[in-house]
Amino acid sequence: MINREFTKSIFSNEGFELTEKQLNDLDLYAERLVEWNEKVNLTAITEPNEIAVKHFLDSYLLLKCIEVKEGSSIIDVGTGAGFPSLPCKIIRNDLKLTLLDSLNKRINFLNELVGQIGVRADCVHGRAEEQGNQSKFRERYDIATARAVAHMRELSEYCLPFVKVGGYFIALKGYDIEEELEEAKPAIRLLGGEIQTVQKFILPDDSKRGIIIIKKISQTPTKFPRNQGKMKKQPIC
């Protein structure tokens, strides 16, 4: 499915040498992604080289932007087809991964995929604003991540409640993120976060990625996260 030499080279250019097993796992990932995409809307990207760049390499940037300690627990909020965290798990099998999505069909895909690849991950069907209020999930993770189109203000409310104090919320966003991030600063502070840095990357196909790293410095107030309706009607500003 994927062009192995191309995939190896783009990762090598970012300083990481894929093993044969990792290539095999990514190849199987791509095959199943395209196969399932015919019956479940998982991605608009189905060309092999685009999958390698825009899904696999783009996801790997999560591991480049911050030192992720061995055995770190990660929750991927609104994970969709498993990006960015599942490619990171293929590269770093020591990571403890939870994949959260509100669409059960996507969770079914992920359950089948992780079984076929042979990695361990908890695939959870649920909404972030509901799971983030449950003691099983709330402030249990070293890292929460999301590759999402939601505004950083709402995305922070979805994700920061999952993060332990001292952990990180890492958001994969667009390249020109400064205005949106400025608008989200009051929410990030209120929810217990502190902006650490914004890192920017240009991928081999010239597409661009901005990654926002937020450290959790205090507990999130218990009234957050709110339901989606309240977030829209009463944004934190």
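Can you list residue pairs whose Cβ atoms sit under 7 Å apart, with the first residue in the range 74-85 being of a type in the set (Val, Ile, Thr) and the second being part of a loop (DSSP other than H, G, I, E, B) and modelled with pLDDT of 95 or more? Count only pairs 6 or more apart in sequence or on different chains. Correct list of pairs: 74/95.
Of the residues making up the range 196-229, those that are within 21 Å of residue 128 (Cα to Cα) and modelled with pLDDT of 95 or more number 16. Of note, residue 139 satisfies the criterion of being touching a residue at least 40 places away in the same chain (Cβ under 8 Å), surrounded by fewer than 20 Cβ atoms within 10 Å (Cβ to Cβ) and in a loop (DSSP other than H, G, I, E, B).
Look through 102, 85, 73 and report the one residue that is surrounded by fewer than 20 Cβ atoms within 10 Å (Cβ to Cβ), in contact with a strand residue (DSSP E or B) (Cβ under 7 Å, 6 or more places away or on another chain) and of a type outside the set (A, V, I, L, M). Give the derivation first.
Values: 102 fails: in contact with a strand residue (DSSP E or B) (Cβ under 7 Å, 6 or more places away or on another chain); 85 fails: surrounded by fewer than 20 Cβ atoms within 10 Å (Cβ to Cβ).
Matching residue, one of 102, 85, 73: 73.
Taken together, the residues in the range 46-67 that are more than 14 Å from residue 6 (Cβ to Cβ), of a type in the set (Asp, Glu) and free of Cβ contacts under 8 Å to residues at least 60 places away in the same chain amount to 1. From (1) of a type outside the set (A, V, I, L, M); (2) loosely packed, with under 12 Cβ neighbours inside 10 Å; (3) at negative phi, pick out the condition that doesn't hold for residue 166. Every listed condition holds for residue 166 apart from (3).
Criterion first (of a type in the set (Gly, Ala, Ser) and surrounded by fewer than 22 Cβ atoms within 10 Å (Cβ to Cβ)) does residue 156 satisfy it?
Values: of a type in the set (Gly, Ala, Ser): yes; surrounded by fewer than 22 Cβ atoms within 10 Å (Cβ to Cβ): no.
So residue 156 fails the test.
Each residue in the range 2-17 was checked for being touching a residue at least 12 places away in the same chain (Cβ under 8 Å) and either of a type in the set (Asp, Glu) or buried (at least 17 other Cβ atoms within 10 Å of the Cβ) (or both), and 6 pass. Annotation for the range 9-27: at least one member residue is in contact with a helix residue (DSSP H, G or I) (Cβ under 8 Å, 6 or more places away or on another chain), at pLDDT 95 or above, assigned to a helix (DSSP H, G or I) and farther than 30 Å from residue 167 by Cβ. Give me the residue from the range 41-62 that is assigned to a loop (DSSP other than H, G, I, E, B) and modelled with pLDDT of 95 or more and, out of that set, farthest from residue 103 (Cα to Cα). Within the range 41-62, the match that is farthest from residue 103 (Cα to Cα) is 47.
Scanning the range 63-113 for residues that are in contact with a helix residue (DSSP H, G or I) (Cβ under 7 Å, 6 or more places away or on another chain) and part of a strand (DSSP E or B) turns up 74, 75, 76, 77, 97, 99, 100, 101. Note on the range 33-53: residues that are surrounded by fewer than 20 Cβ atoms within 10 Å (Cβ to Cβ) and either under 17 Å from residue 108 (Cβ atoms) or not hydrophobic (A, V, I, L, M, F, W, C) (or both) total 13.
The values are calculated or read from the model by the stated rules, or taken from the named source; none is laboratory data. Computed from a predicted structure; not experimentally measured. All Cβ positions, even for glycine, are placed from backbone atoms using ideal geometry, and neighbour counts span all protein chains on display.
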